[in-house]
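Step one of this worksheet: look at the structure below.
The values are calculated or read from the model by the stated rules, or taken from the named source; none is laboratory data. Note that this is a predicted model, so its numbers are computed, not measured. Note: ideal-geometry Cβ built from the backbone for every residue, glycine included; neighbour counts use all protein chains shown. Note: areas computed on protein heavy atoms with side chains; ligands, DNA, RNA excluded. Shrake-Rupley method; radii C 1.70, N 1.55, O 1.52, S 1.80 Å.
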Amino acid sequence: MTDDAPVLTLVVNPSAGLGRARKLLPKVVTELVTSMPGVDVRVHLAAGFVEATAHCRRAVAAARPGEGERRGDALLVMGGDGMMHLGANACAGTDVPLGLIPAGTGNDSCRGLGLPPANPVAAARLVVRGATRRIDLARVTGGLVDRGPDDGSQEHVVSVVSTGFDALVNLRANRTTFPRGRLRYAWSATVQLAQFEPLAYRLVIDGERRDIPAILVAVGNAGYLGGGMAICPDADVTDGLLDLTIVHPVSRGTFIRLLPALFTGAFVRDPAVEQLRAREVVIDGDGLYGMADGDELGPVPLTVTAAPDALTIFTPAPRTPMLRRGH
């Protein structure tokens with residue numbers, strides 16, 4: 001391997017997907033190494049959030065652009081939506097391409113971006129092919145959870161910022177150890193339904209104040225959460241806008257009836273559902289808590305702003321050749 005070899009840094013959460021990431025890692029690495037001779041693949045198994053963040057940031061800081069026939073360096077992340085979130089935040093605002101290798105429980109970020117949501121090897125092949133595109137992110141500021149040393153004052157979100165029933169289910173699922181896997185979401189939703197009641201929201205949508213009761217207000221970039229719930233089914237990651245889904249107060253029976261339709265997006269046809277688009281949304285309200293990309297953001301108030309053209313990802317669509325730094 002020469003010093004000039006392109007570097008692919010693969011940061012892995014080996015415990016993602018109940019250990020699925022560790023089990024499938026050899027196949028992913030084999031795909032990359034055998035299909036890209038002359039490329040330096042560097043694998044880091046991260047023991048936790050802080051270590052994974054450090055590996056991602058170092059890789060982006062050291063990444064070199066492509067020159068001539070030489071491919072540029074890139075960051076790859078493998079795991080669940082939390083790892084996708086880390087990678088996006090490390091690469092946001094740069095030209096360093098990000099490869100998303102899904103191996104978690106939900107894989108909503110990949111699903112919303114049109115990437116293989118359940119096939120890590122297929123996702124690795126996208127890196128091999130080298131086609132990329134530029135996408136939007138959502139930028140969040142406010143009382144964010146302290147994520148350790150060098151933590152910033154903002155977070156970039158790939159998929160959805162949730163603050164209502166959906167966020168409470170996600171938060172409960174994250175904080176329980178049984179049942180495991182995707183069953184945690186179903187169990188958490190069942191428990192949360194027993195406490196079902198509208199929440200008092202104080203919103204500012206592109207400067208317009210709205211005080212409303214709602215079951216949930218979801219602010220989407222890529223549009224999926226909870227292992228395949230299409231909460232913002234019309235979200236477009238290239239339109240420079242945020243998609244809002246507001247579920248106004250309904251009876252418990254109606255909401256239970258709507259839940260299966262969350263996975264198809266058909267629930268938006270119900271008259272209790274309102275869809276909007278905006279460039280900035282301020283979310284506030286009593287007792288609300290923000291979640292995004294499967295992880296905690298923190299208590300409200302939170303300001304969510306569209307961040308157009310913020311990230312380069314490897315994509316199945318051969319729209320452009322691999323972007324070079326300075327493009």
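Any residue that is touching a Cys at 6+ places or on another chain (Cβ under 8 Å), at pLDDT 95 or above and open to solvent by 10 Å² or more (accessible area, probe 1.4 Å) - is there at least one of those in segment 119-128?
First pass over segment 119-128, keeping only residues touching a Cys at 6+ places or on another chain (Cβ under 8 Å): 123.
Filter once more, so that each one left must be at pLDDT 95 or above: 123.
Then keep just the ones that are open to solvent by 10 Å² or more (accessible area, probe 1.4 Å); that gives none.
No, the conditions are met nowhere in segment 119-128.
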- Does Leu25 satisfy the criteria of being within 17 Å of Ala131 (Cα to Cα) and touching a residue at least 40 places away in the same chain (Cβ under 8 Å)? no
- Task: Return a yes/no flag: does segment 49-67 have any residue that is within 23 Å of Asn221 (Cβ to Cβ) and touching an Asp or Glu at 6+ places or on another chain (Cβ under 6 Å).
- Result: no
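Out of curiosity, is Gly79 in contact with a Lys or Arg (Cβ under 6 Å, 6 or more places away or on another chain), of a type in the set (Gly, Ala, Ser) and more than 23 Å from Thr141 (Cβ to Cβ)?
Details: in contact with a Lys or Arg (Cβ under 6 Å, 6 or more places away or on another chain): no; of a type in the set (Gly, Ala, Ser): yes; more than 23 Å from Thr141 (Cβ to Cβ): yes.
It is false that Gly79 is in contact with a Lys or Arg (Cβ under 6 Å, 6 or more places away or on another chain), of a type in the set (Gly, Ala, Ser) and more than 23 Å from Thr141 (Cβ to Cβ).
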- Task: Scan (1) within 21 Å of Asp234 (Cα to Cα); (2) touching a Ser or Thr at 6+ places or on another chain (Cβ under 6 Å); (3) open to solvent by 10 Å² or more (accessible area, probe 1.4 Å) for the single condition Thr303 breaks and write down its number.
- Result: (1)
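Taking segment 156-172, which residues are open to solvent by 10 Å² or more (accessible area, probe 1.4 Å) and either of a type in the set (Phe, Trp, Tyr) or at pLDDT 95 or above (or both)? Let's see the steps before the verdict.
Going through segment 156-172, the residues open to solvent by 10 Å² or more (accessible area, probe 1.4 Å) turn out to be 156, 165-166, 168-172.
Passing the criteria: His156, Phe165.
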- Query: Would you pick out the residues in segment 137-151 that are open to solvent by 10 Å² or more (accessible area, probe 1.4 Å) and either assigned to a strand (DSSP E or B) or at pLDDT 95 or above (or both)?
  - Reply: Arg139, Thr141, Gly142
- Any residue in segment 33-44 that is under 27 Å from Glu155 (Cα atoms), small (Gly, Ala, Ser) and out of contact with any strand residue (DSSP E or B) (no Cβ under 9 Å at 6 or more places or on another chain)? no
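For segment 196-249, give me every one of the strands (runs of 3 or more DSSP E) that falls completely inside it and has 3 or more residues that are in contact with an Asp or Glu (Cβ under 8 Å, 6 or more places away or on another chain), among the polar types (S, T, N, Q) and open to solvent by 50 Å² or more (accessible area, probe 1.4 Å).
On the way: elements: 199-205, 208-214, 216-220, 242-247.
Hits in segment 196-249: none.
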- Six or more apart or on different chains, Cβ under 7 Å: which pairs go from a residue in segment 269-286 that's touching a residue at least 60 places away in the same chain (Cβ under 8 Å) to one that's charged (D, E, K, R)? Could you list them? Ala278/Asp206; Arg279/Asp206; Glu280/Asp206; Asp284/Arg202; Gly285/Arg202
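Taking the options Leu76, Leu86, name whichever one is outside the structural domain of Gly294 (by the TED database) and more than 21 Å from Pro308 (Cα to Cα). Working first, answer last.
On the way: Leu86 fails: more than 21 Å from Pro308 (Cα to Cα).
Answer to the check: Leu76.
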